[in-house]
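My structure is below; once you've seen it, I'll send some questions.
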Amino acid sequence: MMMRFRQRSLPFVTRQLSDEWDRLFFMQHYGIPTRLLDWTENPFIGLFFAVMTSDFKGTFNEKKPVLAFENDAAIWMLDPVMWNSHALKHVGFDRGILTPIDEALDSYTPPSRFDVMNLHPVAMYGAHNSPRIVAQRGAFTIFGKGIVGMESIFATEKFPKGCLTKIVLEKGDLPDIRRSVLANGISESVVFPDLDGLAREIKREFQFQF
């Protein structure tokens, strides 16, 4: 997929991509599957995604939206320093959150050979190469050759207690949480600072969508 993107994206890319990391983050921005998993440093942004993307049914009652969520939602909290120290303990890593220039990320660098990649995902800062990443205070974990999710890794690989925490938001509380998030100014045009985000916000405010 990286090769295909490199070959066919040239007419549409308005700036030169500096290296393979930059290209990987650019691909992630446009929804192409990568080894990256998005996180945010802002808990309000995390709440926004938890309550705005959960499955719900909506009706209008006296021109007011009434929402009924079908399932609980969740917020995941990661201690990136603690996680990295354990994930890279075999190389004695103790320097916190990684950046693309760190040697500890050499085996993760795209397009590294699968057999030389490290096993566990690690937390890293990425290139803030789009307004959305900036607005969302984006950070990432990048996966190695392991195909197991972080929740299972945490449970089975004896990661330190507290470095990955799940907070369940019960479905009955989600409508109030959603209203609170929006009332505090965390809206579509803030999280997605472009015309697409503005369009989503206007459609919701004028009750063309929930």
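Results for (1) out of contact with any Leu (no Cβ under 9 Å at 6 or more places or on another chain); (2) in contact (Cβ under 8 Å) with a residue 12 or more places away in the chain; (3) basic (Lys, Arg), shown as yes or no for each residue.
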position: Met1; (1), (2), (3): yes, yes, no
position: Gln16; (1), (2), (3): yes, no, no
position: Arg23; (1), (2), (3): no, yes, yes
position: Gly31; (1), (2), (3): yes, no, no
position: Leu36; (1), (2), (3): no, yes, no
position: Glu41; (1), (2), (3): yes, yes, no
position: Met52; (1), (2), (3): no, yes, no
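OK, next. Among the listed residues Ala123, Ala139, which satisfies the condition of being surrounded by 17 or more Cβ atoms within 10 Å (Cβ to Cβ), modelled with pLDDT of 95 or more and touching an Asp or Glu at 6+ places or on another chain (Cβ under 8 Å)?
On the way: Ala123 fails: touching an Asp or Glu at 6+ places or on another chain (Cβ under 8 Å).
Within the list Ala123, Ala139, the selection yields Ala139.
Another one. Could you run through the stretch 69-78 and say how many residues are touching a helix residue (DSSP H, G or I) at 6+ places or on another chain (Cβ under 7 Å), under 18 Å from Ile45 (Cβ atoms) and exposed (fewer than 15 other Cβ atoms within 10 Å of the Cβ)?
1
I would also like to ask the following. For the stretch 84-132, which positions are in a loop (DSSP other than H, G, I, E, B), under 30 Å from Asp196 (Cβ atoms) and touching a strand residue (DSSP E or B) at 6+ places or on another chain (Cβ under 8 Å)?
Ile97, Thr99, Pro100, Pro121, Tyr125, Gly126, His128
May I ask you to verify whether Ser152 is open to solvent by less than 20 Å² (accessible area, probe 1.4 Å), within 21 Å of the chain's Cα centre (by Cα) and more than 19 Å from Gln28 (Cα to Cα)?
Numbers: open to solvent by less than 20 Å² (accessible area, probe 1.4 Å): no; within 21 Å of the chain's Cα centre (by Cα): yes; more than 19 Å from Gln28 (Cα to Cα): yes.
So Ser152 does not fit the description; no.
Checking Asp106 against (1) crowded, with 19+ Cβ neighbours inside 10 Å; (2) within 17 Å of Glu20 (Cβ to Cβ), which test does it fail?
Asp106 satisfies every listed condition except (1).
Give the stretch 155-189 a look and list any residue that's surrounded by fewer than 15 Cβ atoms within 10 Å (Cβ to Cβ) and in contact with an Asp or Glu (Cβ under 7 Å, 6 or more places away or on another chain), or say none.
Gly162, Val168, Glu170
Take Phe192 and decide whether it is hydrophobic (A, V, I, L, M, F, W, C), touching a Lys or Arg at 6+ places or on another chain (Cβ under 9 Å), open to solvent by less than 40 Å² (accessible area, probe 1.4 Å) and within 16 Å of Asn42 (Cα to Cα).
Values: hydrophobic (A, V, I, L, M, F, W, C): yes; touching a Lys or Arg at 6+ places or on another chain (Cβ under 9 Å): yes; open to solvent by less than 40 Å² (accessible area, probe 1.4 Å): yes; within 16 Å of Asn42 (Cα to Cα): yes.
Criteria met by Phe192.
Another question, if that's okay. Consider Asp38 carefully, then state whether it is exposed (fewer than 14 other Cβ atoms within 10 Å of the Cβ) and charged (D, E, K, R). Reasoning before the result, please.
Numbers: exposed (fewer than 14 other Cβ atoms within 10 Å of the Cβ): no; charged (D, E, K, R): yes.
Judged against the criteria, Asp38 is not a match.
Kindly list the number of the only condition in (1) in a helix (DSSP H, G or I); (2) in contact with a strand residue (DSSP E or B) (Cβ under 9 Å, 6 or more places away or on another chain); (3) open to solvent by 90 Å² or more (accessible area, probe 1.4 Å) that fails for Gln28.
The one condition Gln28 does not meet is (3).
Mind listing whichever residues of the stretch 101-156 are touching a Pro at 6+ places or on another chain (Cβ under 8 Å) and basic (Lys, Arg)?
Arg132
So Trp21 fits all but one of (1) crowded, with 17+ Cβ neighbours inside 10 Å; (2) touching a helix residue (DSSP H, G or I) at 6+ places or on another chain (Cβ under 8 Å); what number is the exception?
(2)
Tally the residues that are surrounded by fewer than 16 Cβ atoms within 10 Å (Cβ to Cβ) and either touching a residue at least 24 places away in the same chain (Cβ under 8 Å) or small (Gly, Ala, Ser) (or both), restricting the search to the stretch 5-14. First the steps, then the outcome.
First pass over the stretch 5-14, keeping only residues surrounded by fewer than 16 Cβ atoms within 10 Å (Cβ to Cβ): 6-14.
Right, trim to either touching a residue at least 24 places away in the same chain (Cβ under 8 Å) or small (Gly, Ala, Ser) (or both) and you get 9.
Residues flagged as surrounded by fewer than 16 Cβ atoms within 10 Å (Cβ to Cβ) and either touching a residue at least 24 places away in the same chain (Cβ under 8 Å) or small (Gly, Ala, Ser) (or both) within the stretch 5-14 amount to 1.
Given Val51, Val66, Val81, which one is open to solvent by less than 90 Å² (accessible area, probe 1.4 Å), within 29 Å of Gly146 (Cβ to Cβ) and of a type in the set (Val, Ile, Thr)? Steps first, please.
Details: Val51 fails: within 29 Å of Gly146 (Cβ to Cβ); Val66 fails: within 29 Å of Gly146 (Cβ to Cβ).
That would be Val81, the only listed residue that is open to solvent by less than 90 Å² (accessible area, probe 1.4 Å), within 29 Å of Gly146 (Cβ to Cβ) and of a type in the set (Val, Ile, Thr).
The values are calculated or read from the model by the stated rules, or taken from the named source; none is laboratory data. What you are looking at is a predicted structure, and each value in this text was computed from that prediction instead of being measured. Quick reminder, even Gly has a Cβ in these numbers, built from the backbone with ideal geometry, and neighbours come from all protein chains shown. Keep in mind that these areas ignore ligands, DNA and RNA; they rest on the heavy atoms of the full protein, side chains included. Shrake-Rupley method; radii C 1.70, N 1.55, O 1.52, S 1.80 Å.
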